[in-house]
1. Give a residue-ordered list of calculated ³J(HN,Hα) values for the stretch 31-39 (Karplus: 6.51 cos²θ - 1.76 cosθ + 1.60, θ = phi - 60°; whole Hz; x for Gly, Pro).
2. Only Lys, Arg, Asp and Glu count, each charged at its Cβ (+1, +1, -1, -1), so figure out the dipole size of the stretch 3-86 about its Cα centre, rounded to 20 debye.
3. Which Cα, out of Leu42, Thr68, Trp22, lies furthest along the positive dipole direction of the stretch 3-86 (beta carbon charges, K/R +1, D/E -1)?
4. What shape does the stretch 3-86 have by the C-alpha gyration tensor, where a ≥ b ≥ c are the square roots of the eigenvalues, rounded means a/c under 1.5, and otherwise prolate means a/b greater than b/c and oblate the rest?
5. So what are the ³J(HN,Hα) numbers for the stretch 42-55, from phi and the Karplus equation (6.51, -1.76, 1.60; θ = phi - 60°), rounded to whole Hz, Gly and Pro as x?
Amino acid sequence: MSEVDEINRETLRFGERVAGAWWQLRQSLANRESRQAQYRQLILVQARQLRRVTADRDQALIDLAAATKQLTEVTRERDQLAHELEGARAELDNDHQIGAVDTTWEREYEEITEFQNAQYTPEYEHDIPMDEVVEDEQQEVFESDWQVTETENIETPKPPTMEAGS
């Protein structure tokens with residue numbers, strides 16, 4: 001073997017190694033570019049998902065604000081109705097107490113009338129039960145207020161009339 005053949009073989013081996021290294025470098029760059037493309041695609045997908053999630057979150061916040069406003073209005077109405085109910089209860093309690101007082105007064109009046117009627121002795125003909133006396137007096141007052149005597153009849157003045165030619 002000659003020296004030229006030896007140089008050719010070594011050159012050939014060197015060329016094969018350079019070609020192999022070049023091939024590996026090229027493959028590595030292609031793989032890197034592929035991974036970068038996948039990474040860019042993944043970033044785009046995640047960006048779209050993030051926009052959707054952000055839009056959903058914003059819509060949820062808008063819905064929450066509307067629901068909070070409605071809840072506030074409902075709470076105000078509830079408080080107003082509770083206030084009105086409390087007033088109605090107080091009025092009802094007051095009416096009930098007044099009714100109880102009226103009932104108590106009526107019961108006391110009946111007891112007094114019964115007592116006075118029990119004290120009534122028919123010795124005197126002019127004695128009559130107390131409740132009849134009260135009713136008769138009230139009737140007399142009523143009738144006297146509405147009686148009209150002839151002296152009370154007053155002629156009402158007539159409205160003035162326009163005389164022709166004045």
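1. Along the stretch 31-39, the couplings run 5, 5, 5, 5, 5, 5, 5, 5, 5 Hz.
2. 340 debye
3. So the residue we want is Trp22.
4. Prolate is the answer for the stretch 3-86, as a/c is 1.5 or above and a/b outweighs b/c.
5. So the Karplus estimates, Gly and Pro as x, are 4, 5, 5, 4, 5, 5, 4, 4, 5, 5, 5, 4, 5, 5 Hz.
Every read-out reported here was derived from the displayed coordinates using simple, explicitly stated rules and does not represent laboratory data. The shown structure was predicted, so the numbers you read here are calculated from the model rather than taken from an experiment. All Cβ positions, even for glycine, are placed from backbone atoms using ideal geometry, and neighbour counts span all protein chains on display.
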